[in-house]
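Notes follow the structure.
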Amino acid sequence: VSIRGLNRRTSNKVLLLLDGRSLRQDFLGSAWYNFLPISIEDIERIEIIRGPAYALYGADAFSGIINIITRAPGEGGSFIVGGVGNHDQGRGVASLNGREAKLSYHFGAGYAQADNAVVPVDNDRIDQLPLTTSPDVATKTVWANGEIRYPLARKSLVTLGGNIVYGDQTVQGLSRLLQVSVDDTYESQVYGSVTTPI
């Protein structure tokens, strides 16, 4: 994903946010879009800011920002979704939304897998050692998330949440490297906020 022609494979000039929180992988200098801890069914909208926004968001937002906004806890229904496809593609998602008095909550979990569309080095070659135990895997991830919201007073809101992603991932086209595979990777976030009127 790139904006204004700054289209390196890792897109390190576009800042990816999830509900306003950064999803940048510091060791990579970019974000892994296949490693998001949400399902596409939970997305309410995607906001895109084209052009420099680094004065507000830092150097990572040099060419723009992509902010993925999810549905608020308690909005929408609960669901279970699954799918399969060729090249070992498969996914399953469960989402639970609800309200108990003033408390609203959302809990979700999912699994996704797919094989690489291209494998640059055949598995039968004996002159090159694979960098991973599963070179055919493009992505194999499991994730979970949760968020609760509670209104304290008039126009004041307390939010607590977190998410975790675990799995194997292949990054295509890093510099002179054709593929970089990373096994047993995880990412997690815990967050909280109190919103009050001005």
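Structure data summary
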{"read-out": "Candidates GLY173, GLY146, GLY192 - the one that is open to solvent by less than 30 Å² (accessible area, probe 1.4 Å), modelled with pLDDT of 80 or more and part of a strand (DSSP E or B)", "value": "GLY146"}
{"read-out": "Any hit, region 32-51, residues being at pLDDT below 80, under 14 Å from the mean Cα position of the chain (by Cα) and of a type in the set (Phe, Trp, Tyr)", "value": "yes"}
{"read-out": "From ASN116, ASN123, residue being open to solvent by less than 20 Å² (accessible area, probe 1.4 Å), modelled with pLDDT under 90 and over 30 Å from GLU75 (Cβ atoms)", "value": "ASN116"}
{"read-out": "Some residue of region 149-170 being surrounded by 13 or more Cβ atoms within 10 Å (Cβ to Cβ), over 20 Å from THR70 (Cβ atoms) and at pLDDT below 85", "value": "yes"}
{"read-out": "Identity of the residue in region 49-100, charged (D, E, K, R) and out of contact with any helix residue (DSSP H, G or I) (no Cβ under 7 Å at 6 or more places or on another chain), that ends up nearest to ALA138 (Cα to Cα)", "value": "ASP88"}
{"read-out": "Qualifying positions in region 64-102 - among the hydrophobic types (A, V, I, L, M, F, W, C) and open to solvent by less than 60 Å² (accessible area, probe 1.4 Å)", "value": "ILE65, ILE66, ILE68, ILE69, ALA72, PHE79, VAL81, VAL93, ALA94"}
{"read-out": "Sole residue being modelled with pLDDT under 90, surrounded by 16 or more Cβ atoms within 10 Å (Cβ to Cβ) and not in a strand (DSSP E or B), chosen from PRO135, PRO197", "value": "PRO135"}
{"read-out": "Pick from region 176-187, criterion assigned to a strand (DSSP E or B) and open to solvent by 70 Å² or more (accessible area, probe 1.4 Å), ranking: modelled with the lowest pLDDT", "value": "LEU177"}
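The values are calculated or read from the model by the stated rules, or taken from the named source; none is laboratory data. Keep in mind that this is a model prediction, so the values were computed, not measured. Reconstructed Cβ throughout: ideal geometry from the backbone, glycine too, with neighbour counts over all protein chains shown. Surface accessibility is based on the protein's heavy atoms, side chains included, excluding ligands, DNA and RNA. Shrake-Rupley method; radii C 1.70, N 1.55, O 1.52, S 1.80 Å.
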